[in-house]
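Just below is one structure, and these are the notes that go with it.
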Amino acid sequence: MTHPGWGDKWSGAPERSGTRLSEDARGDTGVAGVRNVVPLRRPTPSGAAEAETEAPVAAPPWPVQPPRGTTARVQGRRSPRTRRRLRVVAWLVAAALLVLAVLVAWVVVDAVRARGQLERAAHDVAALQAGVLAGDPEELSRTVADLQRHASGARTATEGPHWSVVGRLPVIGPTVVAVADMSAVVDGLARGPLPQLADVVTVADPATLMPSGGRVDLAPLEEVAPDVERADRSVGYAQERVAGIGGSPMLPQVSDAVGALREQLADLRMSTATASRAAQLLPPMLGADGARDYLVLVQNNAEPRALGGITGTVLLLHADQGRITLTDQRPGSQVGSFDQPVLELTEDERRVLGGADLGRWMQNATATPDFPRAAQVAREMWRRETGQTVDGVLAADPVLLAGLLDEVDTGPGGVLQGDALVAYLLNGVYLTQSPEEQNEIFAQTAEAAFADLSSGVGQPARMIDALAGAAREGRLLVWSSVAAEAELLEGTVLDGALRGVNDGHPVVGVFTQSIQMAKIGWYVDTQVHVTEREARPDGSRELSVTVTYTSHVDAGEAPHLPEYVVGSGEAEPGAVRLRSLVYAPAGGRILSASENSQKIGLSPQKHDGLWLSFHDLELMPGATSSMTYAIITGKHQDRNVILRTTPGPRPVEVSINE
């Protein structure tokens with residue numbers, strides 16, 4: 001019959017009855033009573049023989065489960081061979097974990113021992129810095145011996161294959177590596193350059209640096225120079241090694257120890273770097289390789305200029321084989337003036353620093369805050385005036401001179417020293433003496449200071465402290481025409497160069513110029529406060545810089561002050577007129593400014609690639625004026641802010657909050 005849904009092609013299929021199948025028709029299972037399904041076959045075409053075999057059965061589209069019971073043996077238990085393999089693997093894992101635990105415990109025990117040695121070594125490094133500053137070679141030798149013992153103990157405790165293995169583990173690995181690296185760095189220093197620190201002390205010893213009988217003995221400096229340079233390079237290398245520690249998270253105790261070691265090495269590097277520069281600079285600059293001549297610009301802070309004050313007196317020094325002599329001196333007013341600038345001035349200099357005056361008057365050579373530029377201008381002025389080309393230029397002021405002198409007979413002012421001498425030179429002499437007498441007193445004081453310094457009759461330690469303090473305040477500046485020496489001076493407190501960044505430190509400049517011909521700057525005090533407002537997403541920082549000027553002119557005395565002090569033709573005698581110049585760090589800018597909390601307009605200018613703003617102000621007797629600037633630093637200048645200021649008759653009061 002034909003199934004209604006199959007169609008005519010199935011009409012020839014044989015019909016099967018429901019009777020019992022024969023034995024031949026049973027399925028392969030051999031189960032009685034189960035009827036096999038006979039596959040349907042297409043009818044054989046006319047004239048063709050029937051196929052001898054049946055068509056294969058297609059696999060069903062669903063997963064075929066094996067008959068129940070066929071997997072009972074696999075699911076119920078594993079073969080003996082498999083069980084043996086699993087036991088071996090388990091024992092191996094347990095053994096590995098046990099070995100690892102032993103290695104970690106071993107490293108922990110060693111680390112505790114190394115930490116104790118490193119703490120003692122860190123104390124020794126700090127003691128070394130103190131010993132260098134104190135100039136005590138015997139104490140220094142004992143400290144070096146202690147450091148070598150402690151550093152060796154730390155290095156020994158952090159060596160071995162167990163440290164190498166545990167150092168590769170996650171979490172604990174970075175801490176282990178940091179301890180081992182610190183031990184290696186400190187041990188390398190202790191066995192390498194630090195024993196030569198006695199040479200550093202020799203170089204820094206005031207008794208070595210001070211002249212005796214008008215001459216500095218250069219032989220000790222030349223002898224120790226190579227060792228001192230090697231010691232400085234080694235400390236610098238150690239700094240780099242320690243700076244690279246801590247790329248991954250460490251235990252807080254180890255992280256703190258790394259930070260402390262960085263600070264101690266930075267302090268030590270300051271001493272070794274200073275000694276290295278001194279050993280390289282002093283012999284040639286004092287004439288070891290041939291005679292040298294230097295100009296000394298003695299500035300007068302009572303009439304402010306960016307670097308300190310007008311050039312009141314010019315000295316000429318001659319150095320040959322360590323012997324220093326004063327060969328000439330004259331008032332700054334007697335050098336020039338010149339009809340045209342002695343050097344071609346840049347557009348920036350003309351616009352910011354008052355036209356051509358920088359290059360025409362020796363008194364105004366210090367109007368630029370860039371001392372190397374001021375030195376070149378002064379050098380050329382001296383050459384045109386005298387025909388002599390000097391090898392370098394220095395700058396000093398009465399505050400430095402007073403620090404070098406025990407006491408000096410000023411003539412009309414009596415025998416003075418210290419602050420009293422400064423007060424007389426910058427104010428008292430103008431109240432009682434004529435300009436000619438003032439020049440003579442200045443010349444005598446400068447000559448006395450030089451005589452004391454060159455003869456070594458003063459107290460060496462006090463003189464060195466005075467020189468160092470003056471350098472930090474910008475009162476002592478040095479420039480050399482020799483390129484190698486200028487490179488060694490670069491970036492130090494002595495070079496006084498105009499720069500907006502120094503080794504990652506953003507540099508803010510706050511400079512003061514008098515805009516009246518008067519010696520009234522003696523009565524002005526300056527304060528500068530720097531506060532970091534925020535760290536910006538692009539890596540720059542926003543700073544708030546507040547500059548405050550205070551006049552100490554007595555309103556009752558102002559009308560009676562000499563014209564030389566208050567200025568000629570002043571409508572308000574006793575008024576102080578100043579120009580304040582504020583420089584942003586390299587790559588930065590000044591956003592806004594206010595005076596006494598009232599917003600003021602900016603006068604943005606550029607000088608040697610640095611943005612600045614200047615503001616003119618007038619201070620009446622007893623008045624105070626404050627200006628606040630919002631300044632953006634350059635990107636990635638993440639180290640402490642360096643602030644340069646114009647040194648006045650008294651130290652500038654500075655605070656920096658970061």
* Asked: Based on what the data block shows, is Leu489 touching a residue at least 60 places away in the same chain (Cβ under 8 Å) and touching a helix residue (DSSP H, G or I) at 6+ places or on another chain (Cβ under 8 Å)?
  -> yes
Within the range 531-561, the residues that are surrounded by fewer than 13 Cβ atoms within 10 Å (Cβ to Cβ) and of a type in the set (Asp, Glu) are Glu534, Asp538, Glu557
Scanning the range 438-484 residue by residue, those of a type in the set (Asp, Glu) and either open to solvent by less than 30 Å² (accessible area, probe 1.4 Å) or within 29 Å of the chain's Cα centre (by Cα) (or both) turn out to be Asp465, Glu473
The residue that is modelled with the lowest pLDDT, considering only those in the range 566-604 that are over 22 Å from Ile642 (Cα atoms), hydrophobic (A, V, I, L, M, F, W, C) and not in a loop (DSSP other than H, G, I, E, B), is Ile600
- Query: Quick check, is Val422 in a loop (DSSP other than H, G, I, E, B) and aliphatic (A, V, I, L, M)?
  - Reply: no
Of the residues in the range 582-601 that are closer than 25 Å to His505 by Cα and without any contact (Cβ under 8 Å) to a residue 40 or more places away in the chain, the one that is surrounded by the fewest Cβ atoms within 10 Å (Cβ to Cβ) is Ser592
Subset of the range 456-506, residues under 20 Å from Gln299 (Cα atoms) and part of a loop (DSSP other than H, G, I, E, B), comes to Glu473, Gly474, Arg475, Leu476, Val493, Leu494, Asp495, Gly496, Ala497, Leu498
Here is a check on your reading of the model: is Thr526 surrounded by 22 or more Cβ atoms within 10 Å (Cβ to Cβ) and either modelled with pLDDT of 95 or more or not in a strand (DSSP E or B) (or both)? yes
Scanning the range 370-388 for residues that are touching a residue at least 40 places away in the same chain (Cβ under 8 Å), among the acidic types (Asp, Glu) and either assigned to a helix (DSSP H, G or I) or open to solvent by 30 Å² or more (accessible area, probe 1.4 Å) (or both) gives Glu385
Checklist entry - Does the range 614-627 contain at least one residue that is free of Cβ contacts under 8 Å to residues at least 40 places away in the same chain and over 23 Å from Leu431 (Cα atoms)? => result yes
If you check Thr366 against the conditions, is it over 16 Å from Gln299 (Cα atoms) and touching a residue at least 40 places away in the same chain (Cβ under 8 Å)?
-> no
Among strands (runs of 3 or more DSSP E) completely within the range 608-657, the ones holding 2 or more residues that are open to solvent by less than 30 Å² (accessible area, probe 1.4 Å) are 610-619, 624-632
The residue from Pro412, Pro398, Pro435 that alone is open to solvent by less than 20 Å² (accessible area, probe 1.4 Å), under 28 Å from His560 (Cα atoms), out of contact with any strand residue (DSSP E or B) (no Cβ under 7 Å at 6 or more places or on another chain) and not β-branched (Val, Ile, Thr) is Pro398
The condition of being open to solvent by less than 20 Å² (accessible area, probe 1.4 Å), touching a Gly at 6+ places or on another chain (Cβ under 8 Å), among the aliphatic types (A, V, I, L, M) and within 27 Å of Thr512 (Cβ to Cβ) holds, among Leu343, Leu307, only for Leu307
Is it true that some residue in the range 355-369 is open to solvent by less than 10 Å² (accessible area, probe 1.4 Å), more than 23 Å from Thr445 (Cβ to Cβ), of a type outside the set (Val, Ile, Thr) and out of contact with any helix residue (DSSP H, G or I) (no Cβ under 7 Å at 6 or more places or on another chain)? yes
Of Ser544, Ser514, Ser551, the only residue that is touching a Ser or Thr at 6+ places or on another chain (Cβ under 7 Å), among the small types (Gly, Ala, Ser) and modelled with pLDDT of 95 or more is Ser544
Checked against (1) open to solvent by less than 70 Å² (accessible area, probe 1.4 Å); (2) over 29 Å from Asp348 (Cα atoms), Tyr564 satisfies every condition except (1)
Cβ pairs under 6 Å, 6+ apart or interchain, first in the range 332-357 and of a type in the set (Ser, Thr, Tyr), second open to solvent by 40 Å² or more (accessible area, probe 1.4 Å), ordered by first then second residue, are Ser337/Arg360; Ser337/Trp361
Quiz item: On the given criteria, is Leu416 closer than 24 Å to Gly648 by Cα and touching a residue at least 24 places away in the same chain (Cβ under 8 Å)?
Solution: no
Within the range 285-303, identify whether any single residue is of a type in the set (Asp, Glu), at pLDDT 80 or above and either under 17 Å from Val186 (Cβ atoms) or assigned to a strand (DSSP E or B) (or both), and answer yes or no.
yes
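The values are calculated or read from the model by the stated rules, or taken from the named source; none is laboratory data. On a predicted model such as this, the values are computed, not experimentally measured, just so you know. Neighbour counts are summed over all protein chains in view; Cβ atoms, including those assigned to glycine, are modelled from backbone coordinates with ideal geometry. Side chains are part of the model used for accessible areas, which takes the heavy atoms of the whole protein and leaves out ligands, DNA and RNA. Shrake-Rupley method; radii C 1.70, N 1.55, O 1.52, S 1.80 Å.
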